[in-house]
Amino acid sequence: MYGKKVKLRVLFLFLLLSAIVLTVFLVLKSLEENVVYFLSPTEVKALNEIKKEKIRVGGMVKKNSIKINDKIINFVITDFKNEIIVRYDGLVPNLFQEEKGVVAEGFLDGKNFFRASKILAKHDENYMPPEVKEALEATN
Amino acid sequence: MFKIFGVNKMFSITYRFQKYVFFLFVVFLSVGLVEALLLSPPDYLQSDSVRIMYVHVPSAWVSLGIFSTIAFLSIGNFIFKNKNFSLIAKSLAPSGLVFNIIALVTGAIWGKPTWGTFWAWDARITSMLILALFYGMYILSWKIFEDKLQVTKITSIIAIIGLVNVPIIKFSVEWWTTLHQPSSVKILSDSTIHSSMILPLFLMTAAFVLFSLLIFLMKYNTELIKIKNKGLERL
């Protein structure tokens, strides 16, 4: 139906795309720990050694865990399996709240303590008007 | 397999369509903006900054859609040597790049008050930047390479290589941990965005698609005029 040239071009594109997909896959796979933006407390627990370099830890801010004394903020990041206690001195974004997502950038002090140098709020994929949120909370 | 139209016929079609597309674009944009800025509710958490989303998300969708279209047209052109495909792809590229840049800029404007940072090197944002680089390469290579046969081949290959990046953008928020949130509008399961916010989102998407179509028709018309001026009857 099609000429020999057309078949050769299809084969060429197939080989080209396969080669690129495989290369990209291998590169991303081997760089996995750099492609992820943050680690969960469980992944921190599973680390073989305490990392000296700057890392990011993310999860939920545990309920009733934020304690502010004299500009220093202490709170707990949880993924509902493991927890990590964070200590931070500085400004937090407006959306930093208990039971909301957070990403802390800084250094590990053992596997349970984290000295943050920067706090980012992580927004989840839920979008709704305030009335709907209130209604949801009322039914719970 | 693919019918090659006469240039004059194509020209009259693309020329006549422009005013209808422009009219529809104005209608959708004005209704969409009123919905997005006035009628839709603020978000429970981010309040009014949710309105940036009505520009950010449609721009990202349109830029991804246009790049995929360019890539598939390039595959068609590479295999079947249909010159019309490459002309359509060439005329689509500028609006794709513009919407890609709008998505990145509005994302940064939203990120500062919400996350606390303009930029994060997470997988979603970085792969979106890579898409902008591919758009740049694609558009520039049309200008750099003079040889007619060479230029269609090179631009096609660039678009086809860039196609690999498209699923990475789409699934980056699921494959890795990112600062960017996962998608709220889902096809297979329930959306996690309230229905009152979906309407302005879709209206704005329609407006941006129509705008891209309008710019495409203008660009494509220009390409046809260039061919006419060279005295060629067919593409």
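General remarks:
- Of all residues in region B:76-117, those being farther than 16 Å from residue B:128 by Cβ and out of contact with any Pro (no Cβ under 6 Å at 6 or more places or on another chain) number 23.
- Residues of region B:101-119 satisfying the condition of being at negative phi and facing chain A (nearest Cβ under 7 Å): B:113, B:114, B:115, B:117
- Qualifying residue in region A:92-101 (condition: closer than 22 Å to residue B:115 by Cα and loosely packed, with under 13 Cβ neighbours inside 10 Å): yes
- Taken together, the residues in region B:95-146 that are of a type in the set (Phe, Trp, Tyr) and in contact (Cβ under 8 Å) with a residue 40 or more places away in the chain amount to 7.
- Filtered residues of region B:127-157 (kept if closer than 21 Å to residue B:83 by Cβ and among the hydroxyl-bearing types (Ser, Thr, Tyr)): B:138, B:141, B:152, B:155, B:156
- Residue ID - surrounded by the fewest Cβ atoms within 10 Å (Cβ to Cβ), chosen from residues in region B:65-76 that are hydrophobic (A, V, I, L, M, F, W, C) and more than 11 Å from every other protein chain (Cβ to nearest Cβ): B:72
- Qualifying residue in region A:63-74 (condition: within 14 Å of chain B (Cβ to nearest Cβ) and either under 25 Å from residue B:121 (Cα atoms) or in contact with a Cys (Cβ under 9 Å, 6 or more places away or on another chain) (or both)): no
- Pairs linking a residue in region A:1-23 that is more than 7 Å from chain B (Cβ to nearest Cβ) to a residue that is modelled with pLDDT under 90 and in a helix (DSSP H, G or I), with Cβ atoms under 9 Å and 6 or more positions apart or on different chains, are A:2/B:80.
- Selected residue [surrounded by fewer than 16 Cβ atoms within 10 Å (Cβ to Cβ) and β-branched (Val, Ile, Thr)] from B:62, B:50, B:57, B:27: B:27
- Test: residue in region A:34-41 that is away from chain B (no Cβ under 14 Å) and either acidic (Asp, Glu) or crowded, with 18+ Cβ neighbours inside 10 Å (or both): no
- Wholly enclosed helices (runs of 4 or more DSSP H) of region B:106-212 bearing at least 1 residues within 19 Å of the chain's Cα centre (by Cα) and closer than 21 Å to residue A:100 by Cα: B:123-144
The values are calculated or read from the model by the stated rules, or taken from the named source; none is laboratory data. This is a predicted model, so every value here is computed, not measured. Using ideal geometry, Cβ is built from the backbone for each residue, glycine included, and neighbour counts are taken over all protein chains shown.
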